[in-house]
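Asks: Sharing a structure below in structure tokens format, with a few things to ask.
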Amino acid sequence: MAGGAGAASGLLSFTAVVAPGLVGLVQGYVADAYGLRATAILAAVAIGLAVGGAACWLPSVPAAVAGSHHNAWLAYGRVMRDRPVQALMLVRAASSVAFGVFALLAGPRLVAASGGLTAVGQLVLIGSLGGAAAQIGIGRLSDAIGRRGVLLLVTVLGAGAPVLFGMATGVPTLLLISAAFYLSAWASQTLVVALGGDLARPGTVDQVMSLDSSVFSWGVVVAAILVLAFGASNPAAAFVLGGAANVLGIVALPFARRPATVRGRETAAMVDP
């Protein structure tokens, strides 16, 4: 991926996460005033408008040429056996587990601490706007000093914030920790996408991005299992396990790099995009 990949993926993440923040606070007030049914109807209408807009205005994609599907599957198989990509996907899976646990349990914890759903809207607003605003700066920083170092910092933050959230009590403290966590989560999204583009071999960027989406989904499934196991009886333990998942990402991150090549041969020197 080109040198501006961090900034480009930061802009993409900004667009993806700013929308929930713009409506989250409103939905929190709606839920408090009119109940969850009204909130669900509001969300369903928004989703319907988005799907309708996509169907009307997104450009059509030309049909694939004959025989390309077979080549795509071969490329996908090679990507799955690529050690640097495997390491990066472990980082992605770890952050997804932490994100899933936090997304499923942060709201109920805030409701228990504040007695109302308005704090959940504040959580969405802080998480989305704070995380989105940080994406562009983090993307540019990664272009300047290296994505891996920045990704390591935000992964460490993503490991500690859920643990602290599980132990904290006051609503302001919980919201502050949630802002730090969502900064970590969305920054990780930006940096993993950019690193995936850096690590993808020629012609495999699509497969790497597809694998990234699949790994994210499976990470959230694991998070849901953790919440089912501990969410009701010991939610603090679920937060600790979610944060601990990111420790695996910290361990795997040094391996998410490709050896440099000299005269066509791989050497011990490692590329650090």
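Every number in this text was worked out from the coordinates using simple rules, so none of it is lab data. Everything numeric here is computed off the predicted structure, so don't read it as measured data. All Cβ positions, glycine included, derive from the backbone under ideal geometry; neighbour counts span all protein chains shown.
Asks: Give the Rg/Rh ratio for segment 145-234, taking Rg as the radius of gyration of the Cα atoms and Rh as the Kirkwood radius, to two decimals. It would help to have the intermediate numbers written out before the result.
Replies: Details: Rg = 15.9 Å, Rh = 15.0 Å.
The Rg/Rh ratio comes out at 1.06.
Asks: By average Cβ neighbour count within 10 Å, what is the ranking of 82-94, 202-214, 231-243 from highest down?
Replies: Working: 82-94: 22.2, 202-214: 15.9, 231-243: 19.1.
So the order, starting with the most tightly packed, is 82-94, 231-243, 202-214.
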